[in-house]
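One structure is given here, and the rest of the page talks about it.
The values are calculated or read from the model by the stated rules, or taken from the named source; none is laboratory data. These numbers come from a predicted model, not from an experiment. Note that each Cβ is placed from the backbone with ideal geometry, even for glycine, and that neighbours are counted across all protein chains shown. These area figures cover heavy atoms from the full protein model, side chains too; ligands, DNA and RNA do not enter into them. Shrake-Rupley method; radii C 1.70, N 1.55, O 1.52, S 1.80 Å.
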Amino acid sequence: MRRPVPTPTSQAFHDAASAGALAFPRCTSCGAWATYSRPWCPRCLHEPLALSPVSGLGTVYAVTVVHRPPSASFADIVPYAFAIVDLDEGPRTVTIITGCDPSIVRPGQRVEASIDPPSGVEAGRAPLVFFRPLT
Amino acid sequence: MSHGPATPPVAVTGLAELAPTATSDRTQLELLAAVARPAMLDAGLLPRAVDGLLVAPAMAGTPLTQPAMVAEYLGLTPSYCDAVDLGGATAAGMVWRAGAAIAAGACRHVLCVLAETVGPWATPRAFWKGLPRNEAETIYGQAGATSAYALAANRHAVEFGTTDEQRAAVLVAQRANAATNELALYRDPLTVDEVLAAPVISSPLRLFEIVRAVSGAAAFIVSSGATAVDLRHPPAWLRGFGERVSHNGIAQMDDLTRTPVADTAQRAMKMAGVASDEIDVAEVYDCFTITVILTLEDAGFCPKGGGGAFVEGADFGPASALPVNTNGGQLCMGQAGIAGGATHVLQAVRQLRHAAGDVQVPGCETAFVNGNGGLFGEQCSLVLGRSR
């Protein structure tokens, strides 16, 4: 799989994940979560958004098991559970549910973040944030 | 007597559609030209009379100044010229934009033309580096649009108990409508069992439930009301429209079982002064089977969550209570990029002309059209009528 290439705006999000401290952009003025990094709050225009720590615990909102890889870089991981996860604190994120048979993943299932690679910052290459069933 | 939105009224007056093919040896411009000429002939207009032009970007790459390039190639010198990009909702969005330009006095006849070439003349798709959607979604293996619609199908099954068999019924009913459509790529009857036997691509969606990317082109002309009545065919009047761009990435959609169609269809019908039970035919965007179920629900043709039961064993044919996608839709025509969504506009116009052949809805007076773009995030609903 490819890895995210941080932009000036998303660098801080990826740096936090790299350090094992998952945090999502949130407005310090109106409290709205932004799903991904942006320069200012798309609800109240407050600038800048700040990163707000999350526990990494969440619930599967929707899931699909991908059988036909969208590109060659996914050919060796099919079938996989592509999912939307709602974090307990509020933000919603897209991920792959790992660490289990993909066919058993269901909406409502409790999951926890699994950052890959788990630690260490590589220049220009951010980690991926997977989730796995909460045991 | 209610009236459409534009003053003076506007109507679709000319149309043409190429039979989609798996690949084409023609260029983008050649496909656009191949469909623009019959559309002008259908309306009975020479290029010098066509003073408006709307084009769409091609998924296979679009250069700068494309509208002028197309205008020159087609022999037009328009006083209104623009590009529209609403994904699959582009054609529907063109109809009211053309009408608004006419109402503003910018032009009288707007040619709307869309094409996609698949094959040797396709150009690598351009995209911006550093897109949040790529960084936050695509990188996790989202299989194009398919995975996003599969997630919606998953939620619909969980919340409302919608079954694989019910989704398959959409395709079965549309195939029956395509049986005599000479433009359709797929005309053979299908059974629910055959749909379910196809391989799963992104669960629960199976191969046949996913629109096929093809080469093709479509064009139509929107004309001022004063001139429309003097052209070759009965005008298909624009009576109402509603548009909404709600999101781009799938994680930005609050509820995967509720699309912006609930808003756009309601506004279009209110503007037209009609209720959903006064619609004679519905031609709705169908990139996937689940899209049709969600659209029929959100447009008010059945209760929210009742879409599965509504389509189960349904006949979408001309004699049914609600004829849907009477030419088989994109699931049978194939999807020629952004041009694919034009087939719903064109089929509605054919129905209102009473020129839809074997699938003509008797006495068709009012048609509902829905265009759906991206991952449910671009919606444009239209109400077209045989009378103003």
Extension gain (nm, one decimal) between A:Val78 and A:Val5, 0.36 nm per residue minus Cα-Cα: 24.0 nm
Stretch gain in nm, segment B:Ala19-B:Ala355, where the contour uses 0.36 nm per residue and the Cα spacing is subtracted: 119.2 nm
Evaluated at q = 0.12, 0.14, 0.16, 0.24 Å⁻¹: base-10 log I(q)/I(0), Debye formula over Cα of the range A:28-135: -0.50, -0.66, -0.82, -1.27
Heavy-atom accessible area per residue - the protein assembly as shown, 1.4 Å, Å²: 39
Residues with amide H under 5 Å from that of B:Arg212, placed H, sequence gap 5 or more: B:Gly334, B:Gln335
Value of [θ]222 nm, deg cm²/dmol, for the protein assembly as shown, DSSP H segments ≥ 4, -39500 (n - 2.57) each, nearest 500: -7500 deg cm²/dmol
Residues in the range B:245-278 that, when all protein chains are in place, have 40 Å² or more less accessible area than the chain alone would give (probe 1.4 Å): B:Ala251, B:Gln252
FRET efficiency, 1/(1 + (r/R0)^6) with R0 25 Å, evaluated for B:Leu64 and A:Cys44 via beta carbons: 0.10
Surface share of carbon and sulfur [accessible, 1.4 angstrom probe, percent] for the range B:96-158: 62
Zone of B:Ser79's modelled label, taken as backbone nitrogen in the range B:210-252 under 20 Å from a point 7 Å along Cα→Cβ: B:221-231
Spatial extent of chain B: Rg and Dmax, with the Cα atoms as the point set, Å: 19.3, 56
In nm, spacing of pseudo-spin labels at B:Glu30 and B:Ala104 (7 Å Cα→C-beta vector): 3.6
Mean separation of Cα contacts under 8 Å, 6 or more apart, over the residue count of chain B: relative contact order %: 28
Where A:Trp40, B:Trp121 fall by accessible area, highest first, once all protein chains stay in place (1.4 Å): B:Trp121, A:Trp40
Residues losing 20 Å² or more accessible surface upon assembly, the range A:1-37, compared with the chain by itself, 1.4 Å: A:Arg2, A:Pro4, A:Thr7, A:Thr35, A:Tyr36
With every protein chain in place, the range B:1-89: carbon and sulfur % of accessible area (1.4 Å): 59
In nm, spacing of pseudo-spin labels at A:Arg132 and A:Glu89 (7 Å Cα→C-beta vector): 2.2
20 Å reach of a label modelled at B:Asp188, 7 Å along Cα-to-Cβ, counting backbone N of the range B:157-181: B:168-181
Relative contact order [Cα under 8 Å, 6+ residues apart], the range B:158-262, whole percent: 15
Cα radius of gyration and Dmax for the protein assembly as shown (Å): 23.5, 73
Threshold 10 Å², the range A:59-77 residues less accessible with all protein chains present than alone (1.4 Å probe): A:Tyr61, A:Ala62, A:Val63, A:Thr64, A:Val65, A:Val66, A:His67, A:Arg68, A:Pro70, A:Phe74
10 Å Cβ neighbours from other chains, averaged over peptide B:143-155: 5
In the A-B interface, the accessible area buried, summed over both sides, Å² (probe 1.4 Å): 2600
Relative packing of peptides B:382-388, B:91-97, B:248-254 - highest average C-beta neighbours within 10 Å first: B:91-97, B:382-388, B:248-254
Efficiency of FRET from Cβ geometry, B:Asp315 and A:Leu57, R₀ 35 Å, rounded to 0.05: 0.15
Protein accessible area in the range A:22-73, 1.4 Å probe - carbon and sulfur %: 56
